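The values are calculated or read from the model by the stated rules, or taken from the named source; none is laboratory data. A quick note: this is a predicted structure, and the numbers were derived from the prediction, not measured. As a convention, Cβ positions derive from the backbone with ideal geometry for all residues, glycine included, and neighbour counts pool all protein chains shown.
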């Protein structure tokens, strides 16, 4: 597939990790972007039909960094045309998946004329297999910039039976420990009840998470307020 020419960053900022830590990811569909990010970085699914709306959202000081959510069944890197700061890959089985994606990103960056290593990786960690091999993630790739606790993936491994609460607590702690071992931030999943986003963020911070995902700008604002003063664990390692 021939990729289109990359869209330059509106701010002209480099596409590596920015100075500010990763605290909140606002999830949105590429063609249903929010008017504002509420102090969060942006995670989109798909490629927008109207890139101008995304460019406007990324313009100016304090603009959100852009991450693309990849389909774990067939990761499509055409979105590198947007010059994203990073990608999120869910459903990983271990460090080998991260290494394979890093190799593909290097090729895609070369084809798109982007700096080598500019695109970071967030890893969605949740399956039983991935959790059991979480220690391998520390050296998987210099591109690795954070871990995201994917509770739904573990629930699918136990389906149709419900996920036992002690197993869920142990798995969540494993994600936090794996992130600490790799000196990376760990992000908690979105709160099922938007009205309790602030309280859920407080609980996630007490559990060791460095940030959390949000579904709208209101949630993102509440989450950013909770994690705004949290100490930074790391922002990925440069190549």
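Worth a mention:
- Of 131, 96, 122, all but one fail to be within 24 Å of residue 188 (Cα to Cα) and in a strand (DSSP E or B); the exception is 122.
- Condition met for residue 201 (over 13 Å from residue 21 (Cα atoms), buried (at least 20 other Cβ atoms within 10 Å of the Cβ), in contact with a helix residue (DSSP H, G or I) (Cβ under 6 Å, 6 or more places away or on another chain) and at pLDDT 95 or above): yes
- Extreme residue, nearest to residue 122 (Cα to Cα), among residues of segment 32-56 that are modelled with pLDDT of 85 or more and either crowded, with 21+ Cβ neighbours inside 10 Å or under 15 Å from the mean Cα position of the chain (by Cα) (or both): 43
- Some residue of segment 21-31 being in a loop (DSSP other than H, G, I, E, B), surrounded by fewer than 21 Cβ atoms within 10 Å (Cβ to Cβ) and modelled with pLDDT under 85: no
- Check on residue 172, assigned to a helix (DSSP H, G or I), farther than 27 Å from residue 23 by Cβ and without any contact (Cβ under 8 Å) to a residue 60 or more places away in the chain: no
- Filtering segment 54-73 to residues that are assigned to a loop (DSSP other than H, G, I, E, B) and within 23 Å of residue 146 (Cα to Cα) leaves 58, 62, 63, 64, 65, 71, 72, 73.
- Residue in segment 49-63 that is in contact (Cβ under 8 Å) with a residue 24 or more places away in the chain and in contact with a helix residue (DSSP H, G or I) (Cβ under 6 Å, 6 or more places away or on another chain) present: no
- Residue within segment 211-232 that is touching a strand residue (DSSP E or B) at 6+ places or on another chain (Cβ under 7 Å), surrounded by fewer than 20 Cβ atoms within 10 Å (Cβ to Cβ) and either under 28 Å from residue 37 (Cβ atoms) or at pLDDT 90 or above (or both) present: yes
- Residue within segment 140-147 that is at pLDDT 90 or above, closer than 30 Å to residue 218 by Cα, touching a strand residue (DSSP E or B) at 6+ places or on another chain (Cβ under 6 Å) and part of a helix (DSSP H, G or I) present: no
- Segment 115-126, residues that are at pLDDT 90 or above and surrounded by 20 or more Cβ atoms within 10 Å (Cβ to Cβ): 118, 119, 120, 121, 122, 123, 124, 125
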